[in-house]
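One structure is given here, and the rest of the page talks about it.
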Amino acid sequence: MGKKQNQFIVKRDGALLTPVFRVTFPHILESNEDNQYGLGMIFEKDVDFDNLDSLVEDTKKIKWSKNPPKNLMLPILDGDDSDRPEYEGVFYINGKCGKYRPGLIDAERNPIEDPEEFYPGCYARAVITCYAWSYKGKNGVSVSVRNIQKCEEGEPLISRVKPDDDFDDLDSDESGDI
């Protein structure tokens, strides 16, 4: 992929192009049980979040002027505070798309339509914006995902146990008793 981009790049319209991240919990080609689209984005700790931090601050000022609420939920989460092993030692963001499916293309900018091509563990980048919200006494700033580009394959992040790890070899005496 050439030189590794490790910062969020500001686009002409104010949206941000993320650095490459590892995909987790993708609901992009098919919505989740709440009919919502989105994905988790796992970033290495060396990523420069300055441009995203600035966008979050600007978003807070637009919604709450000078006095944002206490205990504001923010989009950049420290994986060391999570109990998920894939988040250990990294930062992550839960990107939301709502009821609208974002665009999804491959490295050559061809549309991806097969859910098996975009899976937990592959690498991607996205164009994102931020929005502020208040709901049932909680307040926060979240990341909205506009479009996604899959950049490269990766080791799948799947919690399933492989069949050959679940079973021992059967010797000929045992196979007749089943």
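Values quoted throughout were computed directly from the atomic coordinates according to the rules given, and no laboratory measurement underlies them. These numbers come from a predicted model, not from an experiment. Here Cβ is always computed from backbone atoms with ideal geometry, including for glycine, and neighbour counts include all displayed protein chains.
Proximity of backbone amide H atoms, modeled 1.01 Å from N, is registered between Leu104 and Ile112, Ile148 at under 5 Å, excluding neighbours fewer than 5 places apart on the same chain.
Between the Cα long axis of helix 50-64 and the first principal axis of the chain there is an angle of about 60°, rounded to the nearest 10. Enclosing the Cα atoms of region 79-157 in their convex hull gives a volume equal to 124 cubic angstrom per residue. Taking each DSSP H run with n ≥ 4 as -39500 (n - 2.57) and averaging over every residue of the chain yields -3500 deg cm²/dmol at 222 nm.
Using each residue's phi in region 113-126, evaluate 6.51 cos²θ - 1.76 cosθ + 1.60 at θ = phi - 60° and report the 3J(HN,Hα) Karplus result to the nearest Hz, with x for Gly and Pro. Going residue by residue, I get 10, 8, x, 6, 7, 10, 9, x, x, 6, 10, 8, 9, 8 Hz, with x marking Gly and Pro. For region 1-152, the spread of Cα coordinates along the three principal axes comes to 44, 37, 36 Å, biggest extent given first.
For region 143-153, 3J(HN,Hα) computed residue by residue from phi via the Karplus equation (6.51, -1.76, 1.60; θ = phi - 60°) reads 9, 9, 9, 8, 8, 9, 10, 6, 9, 6, 6 Hz, glycine and proline entered as x. Residues of region 129-146 falling in the label zone of Ile62, defined by backbone nitrogen less than 17 Å from a point 7 Å along Cα to beta-carbon, are 129-134, 140-146. Region 73-140 and region 45-61 have Cα centres separated by 16 Å. Summing charges over all other residues whose Cβ lies under 13 Å from the Cβ of Val141, with Lys and Arg as +1 and Asp and Glu as -1, gives +2. Listing Leu72, Leu104 from fewest to most neighbouring C-beta atoms within 10 Å gives Leu72, Leu104. Taking amide H atoms as placed 1.01 Å from N in the peptide plane, the amide H of Gly98 lies under 5 Å from those of Tyr37, each 5 or more residues away in sequence or on another chain. Across region 18-27, rounded Karplus estimates of 3J(HN,Hα) from the backbone phi angles (6.51 cos²θ - 1.76 cosθ + 1.60, θ = phi - 60°) give 6, x, 5, 10, 8, 7, 9, 6, x, 10 Hz, Gly and Pro being marked x.
Across the chain, C-alpha contacts under 8 Å between residues 6 or more apart give a mean separation that, scaled by the residue count, equals a relative contact order of 25 percent. Ordering of 120-130, 13-23 by packing is 120-130, 13-23, highest average first (other Cβ atoms within 10 Å, averaged per residue).
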